[in-house]
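S.K.: Okay, here's the structure, questions in a sec.
Read-outs: derived from the displayed coordinates by stated rules, not from any lab. Fair warning: this is a prediction, and the values are worked out from it, not measured in the lab. Here Cβ is always computed from backbone atoms with ideal geometry, including for glycine, and neighbour counts include all displayed protein chains.
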Amino acid sequence: MTRFKPQSRLKELTTLLTLGTLFLAPIATLSNAFSVAQATTVPTPAQSQVASAAPVAGNSLRIGMKELGDPQGYRLKTVRTQRDYPFTRPQGWQVLPSSNIHLTFQHGSNLLPERSSLNVLVNNRILKSIPLGKDNITPTTLNIPVPPELLKDNNILSYQVDQHYTYKCEDPFSEELWTEVLPDSALTLNYGWKPVHPDLAQYPFPLLDPLNNYTPTVVGYVVPTGASDQSLEAFGVVAAHLGQQAGWRAFKPYVADESALHSGNNVILIGTPEENRAIGDVSQNLALPLSGGQFHDAQGATIPADAGVLQLVPNPYNPTRAVLIVSGNGPEGVKKAAHVLAQGSLNKILNGRSAIIKDYQKGGEYPYRAWDGFILKSGDDFAGLDLPTQTSRGITALPIFYKLKMMPDLFLPGKTKVKVHTVYSYASQLDASQSKLEVLLNGKAIKSIALDDKAGKSLADLTVEIPSEEFHTYNDLEYRFHLYPEKYDMCRFVTDVHIWGTIHNTTYVEIPGEIKAPLPDVGLINDGGYPFTAYQDMSKTGLVLPDTLSQTDLDAMLQFVTRLGRESLSHKGIELTAHHAGSLPDDIKKDRNLVIIGQRDKNKLFADVKDKASLLIDGSWNALQEDQKARVAQINYTPGQGIVEELLSPWNASRVAMLITGQNDTALVRDAQLFQNDAWYAAIKQGNLTVVNDNGPQALTLLKKGEARFFYAQDQHSGFQMPTWGWIAMSFFALLGVISVLRFMFGR
């Protein structure tokens, strides 16, 4: 099964900004869900030094045409046209005056230089106007300085032409009218890093810069291998939440040791001071001082063991980087601190460099299947998916794009049709012989209709049928209006602003399926993290690690939960749990989708699922068995290959267990890479077993009898479920009732 995933969010943003649909909405502040005491201290000499440190220079970023969305360059046609490219200035950068636009262009040979020019603009300010004459017909290169004071957080680079080839009658669509921005054109930003001034109110900044769309964000997690269950859970919660904040941006978290404080990366320290010795290495910079292995408040009192401690401070070894401490004097405090931090979008009362978390309350039950922006059922319209009405104007009308995301548990039978009931309008005075509306799905044209009503149309309906096998969890739906004005006179200037086409968000999707998901299937994980994100706050997901942890165990856990976070749309915090195998509570075991991590001989929970696992590791050649007697297949498994397998939970038939395992550290490293590497993750295919080689995943479908089933929505809810014998008895008595009614009606 092919899955379509977002490949270039920068390109998508380019289109949105060009159409003028970039909006910023304020986030409403909700009621407090916990008590927090703010601790402040007088800045230490080290802190004062950080505040006055100069930015570190010597960094350069080249944003080429490929990154801007036009890898082949762009040809500017007609008499007047403009191409806009959005770009950001990361908050942690100080852009230097040496930044510039490297422009390479060429144009039509018959353009009149006294009437034709190419303008280069940043934020609507012209940086250079270039006459288009005989001296720059062939490829010409210019370097145009970009004043740093002109830049904002969000910026637009524009190429604009006004071009003519004659003083007489001029066809505004003539092939003579063109200027091309060539592929090697680029925007170069030279910058230095600003010293950080951490504030919990701005979290996840500076660990994660929401405006840095260019370079991977690298964050090191220092987590002790002797971490308690509570510290393990805190690790998972913080990692999932930061992954959620990273979203589609390049993000590379890793498990580090104390030396990470001396690196060029931001660092997160998790655990109590007793568990995590690295916290002591930054003790001189802490707003809540550390003494005798215990945190103290501003008045010098020891903070209670069940209170969480959050501190976001400059790295004393690198003033341009920050250290986040998720801690407490006891394990329960560490857990509280993590959960409150992950509720950042829900509670906007964290501020300053430190906070003491006295109490924590979960942000309300997250509904099952509450996936914002996803088609949840047949008949969902664009408005309900938060997709706007969009209008495209003029002869050079840009396409209208929609991301259609369908819940992965909507099962579409083969040889059926998905119907997109499109509601559209278009202007009058169109040339009916040329104007049309074209519809494309995932880059393939599927429908085209003429726009032939001279009076235009308002709220017309177009039904587009799509074979169900071509409609996936992630889909790109594109509408192209090809608009031409009627009766234009090439000897007069003809405007095209009066011609337009609109797609309305009353458009809706009809799905010929039902709510059920075939499980176990590892392949569903890259369809939004299903089933582990069926509840978006992951409140039905539990992680189980070996009693004796290794760094590779922690890294596999980190990459997995980070990926779940990147797939999650939760706005009520993260509620996953994590335990060592030896301390896993029965209620967690029975109620949750479990993720069991570690080498097979290190995590004792593997013994409980051994009889259900498809791959039995007992040598270089391994049997894939249907039962203990019959061998149905075999593969050449080597110890360095990672294994990711999903099976029905032995403790709850309505849950699954995912095994992230292998025979050695190399195997676990590959498992971790599967979830960290975007290309590998997107390549996970349908099947209950995935073997991870050094070049990526290989999916297999190897199920024992009775281990494949459909999960229905009601399977995921607690409450009474009638057993099979109950349904049989009910059917029997219903049949007797029908027979009695028939006998009464016919007098027998």
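S.K.: Which aspartates and glutamates, if any, have their Cα less than 14 Å from the Cα of LYS417, not counting same-chain residues under 8 positions apart?
M.R.: Filter leaves GLU465, GLU469, GLU470, GLU510, GLU514.
S.K.: What whole-number volume per residue, in cubic angstrom, does the convex hull of the C-alpha atoms of the stretch 379-512 give? Could you put the intermediate results ahead of the total?
M.R.: Details: hull volume 13.3 nm³, N = 134.
Spread over its residues, the Cα hull of the stretch 379-512 gives 99 Å³ apiece.
S.K.: Calculate the spin-label point distance for ASP611 paired with ASP665, positioning each point 7 Å from the Cα along the beta-carbon direction, and give it in nanometres.
M.R.: Result: 3.5 nm between the two label points.
S.K.: To continue, here is another question. Taking a ≥ b ≥ c as the square roots of the Cα gyration tensor eigenvalues, with a/c under 1.5 meaning rounded and otherwise prolate when a/b beats b/c, else oblate, which class fits the stretch 284-372? Present the calculation step by step, with values, prior to reporting the outcome.
M.R.: Working: a/c = 2.61, a/b = 1.54, b/c = 1.70.
Cα axes put the stretch 284-372 in the oblate bin.
S.K.: Per residue, what volume in Å³ does the Cα convex hull of the stretch 248-303 take up?
M.R.: Per residue, the Cα convex hull of the stretch 248-303 comes to 119 Å³.
S.K.: In what sequence, highest mean first, do 195-205, 291-301 appear when ranked by Cβ atoms within 10 angstrom?
M.R.: Per-residue Cβ counts within 10 Å, averaged per peptide and sorted highest first, yield 195-205, 291-301.
S.K.: Let me ask something else. Once R0 is set to 45 Å, what does the formula 1/(1 + (r/R0)^6) return for the Cβ-Cβ distance between ARG80 and GLU465, expressed as a FRET efficiency to the nearest 0.05? Provide the component values of the computation, followed by the final result.
M.R.: Numbers: r = 39 Å, r/R0 = 0.88.
Step by step, r from the Cβ atoms, then E = 0.70.
S.K.: Here is a follow-up. So the label point goes 7 Å from the Cα of SER129 along Cα→C-beta, right? Which residues of the stretch 141-177 then have their backbone N under 20 Å from it?
M.R.: Under cut-off, by backbone N: 142-147, 157-167.
S.K.: Which FRET efficiency value, to the nearest 0.05, do you get for SER291 and TYR317 by plugging their Cβ-Cβ distance into 1/(1 + (r/R0)^6) with R0 = 22 Å?
M.R.: Working from the Cβ atoms, E equals 0.55.
S.K.: Next question. Would you mind ranking HIS164, HIS498 by Cβ crowding within 10 Å, fewest neighbours first?
M.R.: Least to most surrounded, the residues fall as HIS498, HIS164.
S.K.: Show which aspartates and glutamates lie in cross-link reach of LYS134 when reach means a straight Cα distance below 19 angstrom and same-chain residues fewer than eight apart are skipped.
M.R.: Candidates past the 8-residue exclusion: GLU114, ASP162, GLU175, GLU176, GLU180.
S.K.: Report, in listed order, any pair from LYS457/LYS487; LYS419/LYS454; LYS447/LYS487 with a Cα-Cα distance greater than 25 Å. Intermediate results must be reported in sequence, preceding the final value.
M.R.: Working: LYS457/LYS487 19 Å; LYS419/LYS454 28 Å; LYS447/LYS487 27 Å.
Pairs exceeding the cut-off: LYS419/LYS454; LYS447/LYS487.
S.K.: If packing is taken as the average count of other Cβ atoms within 10 Å, what order do 460-471, 642-653 fall into, highest mean first?
M.R.: Those peptides, ordered most packed to least, come out 642-653, 460-471.
S.K.: Full-extension gain between LYS444 and ARG115, please, as 0.36 nm times their residue separation minus the C-alpha to C-alpha distance.
M.R.: 114.4 nm
S.K.: Using the basic label-point model (7 angstrom from Cα toward the beta carbon), what is the ASP381 to SER259 distance in nanometres?
M.R.: 6.1
S.K.: Let me ask something else about it. Express in % the proportion of alpha carbon pairs of the stretch 91-141 at distances exceeding 16 Å.
M.R.: 52
S.K.: Taking only pairs that are 8 or more places apart or on different chains, how many Lys pairs in the stretch 245-385 have Cα atoms under 13 angstrom apart?
M.R.: Final tally of qualifying lysine pairs is 4.
S.K.: Oh, and also: May I ask for the distance between the Cα centers of the stretch 569-596 and the stretch 290-351, given as a whole number of Å?
M.R.: Cα centroid of the stretch 569-596 versus Cα centroid of the stretch 290-351: 24 Å apart.
S.K.: Please report how far the C-alpha centroid of the stretch 194-270 lies from that of the stretch 489-562, rounded to the nearest whole angstrom.
M.R.: Using only Cα atoms, the two centres lie 23 Å from each other.
S.K.: Something else: Any idea what the alpha-carbon Rg over 2.2 N^0.38 Å comes to for the stretch 56-193?
M.R.: So the stretch 56-193 has a normalised radius of gyration of 1.12.
S.K.: Report the gain in length on full extension from LYS454 to ALA432: 0.36 nm times residue separation, minus Cα-Cα distance, nm rounded to one decimal.
M.R.: 7.2 nm
S.K.: Quick check on the exposure proxy: order LYS487, LYS405, LYS335, LYS362 from fewest to most C-beta atoms within 10 angstrom. All intermediate terms of the calculation are to be shown ahead of the outcome.
M.R.: Values: LYS487 7, LYS405 20, LYS335 26, LYS362 15.
By the 10 Å Cβ count, ascending, the order reads LYS487, LYS362, LYS405, LYS335.
S.K.: Please give the net charge around PRO585, taking every other residue with its beta carbon less than 11 angstrom from that of PRO585, where Lys and Arg add +1 and Asp and Glu add -1.
M.R.: -1
S.K.: Roughly how many nanometres apart are two label points built 7 Å out from the Cα toward the Cβ at ALA682 and HIS498?
M.R.: Output for this residue pair reads 4.5 nm.
S.K.: FRET efficiency for LYS417 and TRP248, Cβ-Cβ distance as r, R0 = 35 Å, nearest 0.05?
M.R.: Efficiency, from the Cβ-Cβ distance: 0.70.
S.K.: Would you mind calculating the gained length between GLN91 and TYR368 on full extension (0.36 nm times residue separation, minus the Cα-Cα distance), in nm to one decimal?
M.R.: Using 0.36 nm per residue and subtracting the Cα-Cα distance, I get 96.1 nm.
S.K.: At a 10 Å Cβ-Cβ cut-off, how would you order HIS241, HIS421, fewest neighbours first? Intermediate values should be presented prior to the final figure.
M.R.: Numbers: HIS241 26, HIS421 15.
The order, fewest Cβ neighbours first, is HIS421, HIS241.
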